[in-house]
Amino acid sequence: MTILLVILALAAGTYATRLAGVLLHDRLVLPERLRHLLPIAATTLLAALVATAVFTEAGRLAVGVARPLGVLAGAVLAWRRAPFVVVVVAAAGTAALLRLAGLP
Amino acid sequence: MASGLPAWAPLLMSVLVFAGGSQFLAVALMTGNPFAAVLGGMLINARHLPFGLALGGALGTSRFARFAGAHVVIDESTAFALAEPDPARRGRTFWAVGVAIFVTWNIGTVIGVLLGGAVGDPAAYGLDAAFPAGLLALLLPSLRDRATRAAALAGSLIAVVATPLLPAGLPVLAALLGVVAAVLLPTPAPAGEKADDVVQGGRPA
């Protein structure tokens, strides 16, 4: 019962958050300068997700090198305009190979 | 299930909550501290509000589009949509990615529940590098803009430094402070937003 309640509460709260953003976009009258910052804010949040996914683990700074180097390989390929799938596979493959070689 | 939850719990959560990080946190905390599971999950998911603000019209104008589309406002659909400069294609991209990931994410959860620990350690396949690399690839076009790049770099630094200090979810929200960096930079000509770096005076790509 607790499990069901937790899931329903989290689902309702999460959906409300998402809907609030979408509906506020229609209602909110912002000066152009502030409106210009909205995509910047979203990109900043996504960049922070990338950074924490690369450099942290379970609430701590991560010490491994395989993941950062894998992501770096993917980033270089993306920079060279490689297709998205190539970027993702190369990042995973590089990290996997480095771990196979014994790197953390 | 390693967590000792009934099989329907992760399945129901994947369909209704549909946000990875908060689902893992909720599974970990659900039986021990249900309030922390809900509040912690909401904290991790708070970033979806600014996502919705930024996406705006990409969902479509109809009532149905906005209420149904809100459920597939996730990291990936936001990143793919924002990487698309053309407004018409931005909407199609948002929906295509949102629906595709909703389907695959839930199929993946079913497979995960069926296989349990049999899959082994995802890190051995380098899967932990795949998500950030893919997301970064999507952000690269936006990062060509000088102000965006400054905000993203500052925000990333803040989030990483804050991770050992703050509960899950807050470090990424704290990254919003990085937007100040974009405000402090002298504003480039707004008309040239999608123009080449050279025009904006940025470093060449």
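Please treat every number below as a calculation from the coordinates, not as lab data. Here the structure is a predicted model, which means the values were calculated and not measured. Cβ coordinates were reconstructed from backbone atoms using ideal geometry, including for glycine residues, and neighbour counts include every protein chain displayed.
Which FRET efficiency, nearest 0.05, do B:A7 and B:F64 yield, Cβ-Cβ r, R0 35 Å?
0.65
Do the sum for chain B: with -39,500 (n - 2.57) for every DSSP H run of n ≥ 4, divided by all residues, what is the mean residue ellipticity at 222 nm, to the nearest 500 deg cm²/dmol?
-19500 deg cm²/dmol
With Cβ to Cβ distances under 12 Å as the rule, what net charge do the other residues near B:G20 carry (K, R +1; D, E -1)?
Result for the local shell: -2.
For helix B:127-143, report the angle its Cα long axis makes with the longest principal axis of the Cα atoms of chain B; keep it between 0 and 90° and round to the nearest 10°.
20
Between helix A:37-55 and chain A, what is the angle of the helix's C-alpha long axis to the longest principal axis, kept within 0 to 90° and rounded to the nearest 10?
So the inclination is approximately 40 degrees.
Between A:A58 and A:A16, what is the spin-label point distance in nm, taking each point 7 Å from the Cα along the Cα→C-beta axis?
Distance between label points: 3.3 nm.
Expressed as an acute angle from 0 to 90° and rounded to the nearest 10, what is the orientation of the C-alpha long axis of helix B:34-45 relative to the principal long axis of chain B?
20
Could you tell me the distance between the Cα centroids of the range B:56-79 and the range B:135-188, to the nearest Å?
The two parts, judged by their Cα centres, are 23 Å apart.
Given the C-alpha centroids of the range A:51-104 and the range A:4-47, what is the distance between them in whole angstrom?
29
Ranking A:L97, B:L115 by Cβ neighbours within 10 Å, fewest first, what do you get?
Ordered from fewest to most neighbouring Cβ atoms within 10 Å, A:L97, B:L115 come out as B:L115, A:L97.
For the range B:39-151, what percent of Cα pairs sit more than 18 Å apart?
That fraction is 60 percent.
Hey, what's the Cα Rg ratio for chain B versus the globular rule of thumb, 2.2 N^0.38 Å?
The value comes to 1.14.
Out of the trypsin sites (Lys or Arg not before Pro) in the range A:1-97, which ones are loop residues according to DSSP with at most 13 other C-beta atoms within 10 Å?
A:R80, A:R81
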